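Student: I'd like to ask some things about the structure below.
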Amino acid sequence: MKPVVDEALRRLQLKASVTLVCSLAVIEKDGIQSLPALFVNRQLVAAGHVPSIFTMPDLLKKAVNEQQHL
């Protein structure tokens, strides 16, 4: 999933730190039930699949916009 996220960030001209989480303890603590999972600003935006490069930018923009309105 990281390459798709990196490419979407590049297309959006955004900078972000992307971390791959493999720890079962973290996965269980966050209540993730389907892998892979993508969190943006602590919000689950995708689980159980890798979004395509065509849908990833919209997911990232939506998550960022929702965070800004809180």
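Bear in mind these aren't lab numbers, they're just calculated from the coordinates by the rules spelled out. Given the structure is predicted, the values throughout are model-derived calculations rather than measurements.
Student: Tell me the angle of helix 2-12 to the major Cα principal axis of the chain, expressed in degrees between 0 and 90 and rounded to the nearest ten.
Tutor: Approximately 20 degrees, to the nearest ten.
Student: Another question about this same structure. How much length is gained on full extension from GLU28 to ASN41, taking 0.36 nm per residue of separation minus their Cα-Cα distance?
Tutor: Numbers: separation 13, 0.36 × 13 = 4.68 nm, distance 1.83 nm.
Going from the current span to full extension adds 2.9 nm.
Student: Counting helices only, and only those DSSP H runs with n ≥ 4, report the 222 nm mean residue ellipticity of the chain as the sum of -39,500 (n - 2.57) divided by its residues, in deg cm²/dmol to the nearest 500. Could you put the intermediate results ahead of the total?
Tutor: Working: 3 runs with 30 residues, N = 70.
Per the formula, -12500 deg cm²/dmol.
Student: Expressed as an acute angle from 0 to 90° and rounded to the nearest 10, what is the orientation of the C-alpha long axis of helix 56-68 relative to the principal long axis of the chain?
Tutor: Orientation of helix 56-68: about 90 degrees from the principal axis.
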